[in-house]
1. Determine, yes or no, whether residue 132 is at pLDDT 95 or above and touching a helix residue (DSSP H, G or I) at 6+ places or on another chain (Cβ under 6 Å).
2. In region 30-55, which residue that is surrounded by fewer than 20 Cβ atoms within 10 Å (Cβ to Cβ) and of a type in the set (Lys, Arg) is farthest from the ligand (Cβ to nearest atom)?
3. When you scan region 163-171, do you find a residue that is surrounded by 20 or more Cβ atoms within 10 Å (Cβ to Cβ) and either among the hydrophobic types (A, V, I, L, M, F, W, C) or more than 23 Å from residue 125 (Cβ to Cβ) (or both), even just one?
4. Inspect region 224-232 for any residue being touching a helix residue (DSSP H, G or I) at 6+ places or on another chain (Cβ under 9 Å), surrounded by 15 or more Cβ atoms within 10 Å (Cβ to Cβ) and of a type outside the set (D, E, K, R) and give the result as yes or no.
5. Consider residue 125 carefully, then state whether it is open to solvent by 20 Å² or more (accessible area, probe 1.4 Å), closer than 22 Å to residue 4 by Cβ and touching a residue at least 60 places away in the same chain (Cβ under 8 Å).
6. What is the number of the single condition among (1) in contact with a Pro (Cβ under 7 Å, 6 or more places away or on another chain); (2) farther than 13 Å from residue 114 by Cβ; (3) open to solvent by 60 Å² or more (accessible area, probe 1.4 Å) that residue 22 does not meet?
7. Report the residue count in region 140-161 for those that are of a type in the set (Gly, Ala, Ser) and either surrounded by 17 or more Cβ atoms within 10 Å (Cβ to Cβ) or on the phi > 0 side of the Ramachandran plot (or both).
8. When the residues of region 249-262 are filtered to those that are surrounded by fewer than 21 Cβ atoms within 10 Å (Cβ to Cβ) and under 24 Å from the mean Cα position of the chain (by Cα), which remaining residue is nearest to residue 44 (Cα to Cα)?
Amino acid sequence: MSRTVYVNGQYLPENEAKVSIFDRGFLMADGIYEVTSVLGGKLIDFDGHFVRLERSLNEIDMPSPISKEDLLAVHRKLIKCNDVDEGMIYLQITRGAPDDRDFVFPDPETTPQTIVLFTQSKPGLADSPAAKKGLKVISIEDMRWGRRDIKTVQLLYPSMGKMMAKKAGVDDAWMVQDGTVTEGTSNNAYIVKNGQIITRALSNDILHGITRSAVLRFAEEAQMEVVERNFTIEEAQQADEAFITSASMFVMPVVEIDQQSLGQGTPGPLATRLREIYLEESMLKAI
Ligand code: PDD
């Protein structure tokens, strides 16, 4: 069944939606994206994703082409048109399509931005079998640019990281810079030791995960201890538990790092509990 997608103010069947070959998203990776999850047909943390979208646009000097109310309306219409119960909405805003390829930014007055949204239906997302088994990860060097706090569409290195993981027969990769873990290829990374949740503090080195922010808040509300600091792969391999967070994975346990099993080699109690809390609390607040 063909999806209905949104392109620059129009709702179209996916095979009729078109973007110019001069679009700077295509030529220069000059674009920002967001992924918002949908549970029970409702959006999880739409406000958080909108705030980060505005921040990312601002950091690359791109105007914001759509109001929060209009963007919410587009998200809701796409959920309805495509009958999405569980899944994600992908949103991408680029600096538009000037007349020719040029490194210099076009004038936003004469080159309107491109805005594209589409749905990804994933029935069973919340009740994922992977959450019961846990993920295996390898470590790789973090070779991305220095502004990972901006959610740009330049995802080549994270894609290469996922391929390195696939070739190694595991699920994902954790990236390491100057000896400590930054984050996963498309998620934030955590370890648990003696009941303490340890995760890297926010900086330009990592994406400021919307799920991270909610999970740390829920953890503190549940009297769990959170410490924001760097950790090494060796420390992670000796941890009691590990997990990742993202809009598409929620809280997902990690059970192996560079072929070393953690604890019993099964999802830890704290990660499992945090996943339950996250899903319960987020669904209550979903809009
Ligand atoms: N990725 N770190 C990176 C590098 C990411 O790409 C993501 C999200 C996160 C988690 O952020 P959030 O909790 O706001 O989803 C952390 C999305 C899901 C993606 O690229 O598909």
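The values are calculated or read from the model by the stated rules, or taken from the named source; none is laboratory data. None of these values were measured; they are calculated from a predicted model. All Cβ positions, glycine included, derive from the backbone under ideal geometry; neighbour counts span all protein chains shown. Side chains included, ligands, DNA and RNA excluded: accessible areas come from the protein's heavy atoms. Shrake-Rupley method; radii C 1.70, N 1.55, O 1.52, S 1.80 Å.
1. Working: at pLDDT 95 or above: yes; touching a helix residue (DSSP H, G or I) at 6+ places or on another chain (Cβ under 6 Å): no.
So residue 132 does not fit the description; no.
2. Across region 30-55, the extreme among qualifying residues is 42.
3. Residues of region 163-171 that are surrounded by 20 or more Cβ atoms within 10 Å (Cβ to Cβ), as a first pass: 165, 171.
Narrowing further to those that are either among the hydrophobic types (A, V, I, L, M, F, W, C) or more than 23 Å from residue 125 (Cβ to Cβ) (or both): 165.
Checking region 163-171: at least one residue is surrounded by 20 or more Cβ atoms within 10 Å (Cβ to Cβ) and either among the hydrophobic types (A, V, I, L, M, F, W, C) or more than 23 Å from residue 125 (Cβ to Cβ) (or both).
4. At the first step, the residues of region 224-232 found to be touching a helix residue (DSSP H, G or I) at 6+ places or on another chain (Cβ under 9 Å) are 224-226, 228.
Next, only the ones that are surrounded by 15 or more Cβ atoms within 10 Å (Cβ to Cβ) stay: 224.
Add one more test, that the residue is of a type outside the set (D, E, K, R), and what stays is 224.
Scanning region 224-232 turns up at least one residue that is touching a helix residue (DSSP H, G or I) at 6+ places or on another chain (Cβ under 9 Å), surrounded by 15 or more Cβ atoms within 10 Å (Cβ to Cβ) and of a type outside the set (D, E, K, R).
5. Details: open to solvent by 20 Å² or more (accessible area, probe 1.4 Å): yes; closer than 22 Å to residue 4 by Cβ: yes; touching a residue at least 60 places away in the same chain (Cβ under 8 Å): yes.
Considered against the rule, which asks whether it is open to solvent by 20 Å² or more (accessible area, probe 1.4 Å), closer than 22 Å to residue 4 by Cβ and touching a residue at least 60 places away in the same chain (Cβ under 8 Å), residue 125 comes out as yes.
6. Against the list (1) in contact with a Pro (Cβ under 7 Å, 6 or more places away or on another chain); (2) farther than 13 Å from residue 114 by Cβ; (3) open to solvent by 60 Å² or more (accessible area, probe 1.4 Å), residue 22 comes up short only on (2).
7. 1
8. 256
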